[in-house]
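For reference, the structure is listed below as C-alpha cells.
Please treat every number below as a calculation from the coordinates, not as lab data. Just so you know, these numbers come straight off a predicted model, no measurement behind them. All Cβ positions, glycine included, derive from the backbone under ideal geometry; neighbour counts span all protein chains shown.
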Amino acid sequence: MKKLFETAKLGNLEVKNRLIRSATWEGIAAENGGITEPAYALYEELAKGGVGTIITGFTSVSTDDCYIDGPMRLSDDSLIPQHKKLVDLIHRENCPAIAQLALGAFYRRGVQVEPDGMTAEEIRQVIGWFVDAAVRAWKAGYDGVQIHAAHFFFLSRFISPRANHRTDAYGGSTEKRMRILLDILRGIREQAPRMHITTKINCSDFTYGGLDEQESLTICKALAAAGIDSIEVSGNGTSVPGIRPHVNEGYFAPFAARLSEEVDVPVILVGGMRSLEEMERVLNETKIRFLSLSRPLLREPDLPSKLQSGESGESKCISCNRCYSSTCHRCVFRK
C-alpha cells in the first residue's frame, strides 16, 4: 500500500514524500534570465511548505528564446552561481531540486521558425542547447532536469504530427519525430550520467491532427527503454477550470494509469488533484507512483504540510484560473 507521505524512490532520488511541485511559469526573472529576489523567496516558501520535490518553472535553454516573458534561463555559464543559490535554499529543506529545461520556440535572426522550416544543423543546435543547459544544472547542484515536451512549446510541437511534417530523419513517422527527445536524453546522460532525467509530455494534444494517446504511449515507452528516469503526464489545455475535490479530480489519470502499467519507470500525474483522499486512492488503485501539483501550491505553498499534519484534507484552490492574469501567476486570493 502506497502512502502519500512516506519516503520513496524517484528513480535515483530518495524523496520524503510522493508530492512534487510541478513546473509553474512565474515570469519574474531578470531581463537576462537571472534569478530575482522574489523568485528566491517564492522557492524558499515552497521548500518550507513540505513538498517532497521541486521542479523549477520554465527555464529556457536559449538566450534568444522570447516566446514567453520573464523566463529563468540556463543558457549561459554566468547564471550558474544564481542557480546554485536557488538549489541550496531548496536543499536546506531536505527537498531535491529539478530544473525544467524548456524552449518556447526556435528563432532565426529574431524570426520564429517552426519545425518544418529548420535545417538539420539547427535541430542539432537545439539538442546541444538542452545538453549544455543540463550540464550547467549539474554544476549548479540540481539533482535532475526535466525535458519539457508538453503544452505545445517547441519540443511538444516538434513531436506532434500537427506541427512537424518533415520527411527527413526528424519527421515523417512517430519514431523520427521523437528522435529529438532521444538525442537530448542520450546527450544529457553522456555528459551528466548521475542526473535524474525526467520529461513532461502531453498524453494528447487535444487538437485535430495532433499527438494522440496511442502515439504518446509509444513515445513514452521509447523514452523509458532509452533510460529516462521518470515521466510526468500532462496535456494541452492544462489547468482545467471548475475542479472540485472528490468530484472531478485528476483529469489525466486514466492515461497515466495506463502508462504506469506499460513502463517500469515512475509515472508522475499532474492535473486537478485536490484532496488527500483522492490522491491516495489514485496511488493505490493504479501503479502511478507520484503526484504533482501546480495551482494548489499557488494558493497554499504549505498545502503538503497541512495535508500531512491533518490540518486540512483538501486544497483551497477553486480552479478559477485567475492566476493566469496575475503577476507571477500569483493566486488572487492570497494576501
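For this structure, a couple of remarks:
- The packing ranking, built from the mean of other Cβ atoms within 10 Å per residue, places the peptides 295-301, 266-272 in the order 266-272, 295-301, highest first.
- For the chain, the longest site-free run once chymotrypsin sites (Phe, Trp or Tyr not before Pro) in DSSP loop states with at most 15 other Cβ atoms within 10 Å are removed: 1-205
- Per-residue HN-Hα couplings for region 102-110 [Karplus 6.51, -1.76, 1.60; θ = phi - 60°; Hz; x = Gly/Pro]: 9, 9, x, 6, 9, 10, 10, 6, x
- Each Lys and Arg Cβ is given +1 and each Asp and Glu Cβ -1; about its Cα centre, region 1-108 then shows a dipole of about 640 debye.
- In this structure, Thr218 and Asp116 have a Cβ-Cβ separation that, at R0 = 22 Å, corresponds to a calculated FRET efficiency of about 0.55.
- In loop segments of region 98-135 as defined by DSSP, the trypsin sites (Lys or Arg not before Pro) with at most 12 further C-beta atoms inside 10 Å of their C-beta are Arg109.
- Were the residues from Asp76 through Ser326 laid out at 0.36 nm apart, the gain over their Cα-Cα distance would be 87.1 nm.
- Rounded Å value of the spacing that divides the Cα centres of region 1-75 and region 162-198: 23 Å
- Checking (1) 35, 20, 19; (2) 50, 26, 17; (3) 29, 23, 19 against semi-axes √(5λ) of the Cα gyration tensor in Å calculated from these atoms, the matching label is (3).
- Listed by Cβ neighbour count within 10 Å, with the fewest neighbours leading, Ser325, Ser160, Ser309, Ser204 appear as Ser325, Ser309, Ser204, Ser160.
- Since only Val233, Leu276, Phe154 are under comparison, the one whose Cα sits farthest along the positive direction of the charge dipole of the chain, derived from C-beta charges on Lys, Arg, Asp and Glu, is Leu276.
- In order along region 9-21, the phi-based Karplus estimate (6.51 cos²θ - 1.76 cosθ + 1.60, θ = phi - 60°) of 3J(HN,Hα) comes to 9, 9, x, 8, 9, 9, 10, 7, 7, 9, 9, 10, 7 Hz; Gly and Pro are listed as x.
- Dipole check for region 8-329: with +1 at the C-beta of Lys and Arg, -1 at the C-beta of Asp and Glu, and the Cα centre as origin, the magnitude is about 160 Debye.
- Shape call, region 97-251: gyration tensor on alpha carbons, a/c limit 1.5: oblate
- At most 10 other Cβ within 10 Å, DSSP loop - trypsin sites (Lys or Arg not before Pro), region 189-231: Arg194
- The GluC sites (Glu not before Pro) of region 13-60 that DSSP puts in a loop, and whose beta carbon has at most 12 other beta carbons within 10 Å, are Glu31.
- Candidates Tyr67, Pro193, Cys328 compared by Cα position along the dipole of the chain: farthest toward the positive end lies Cys328, with charges placed on Cβ.
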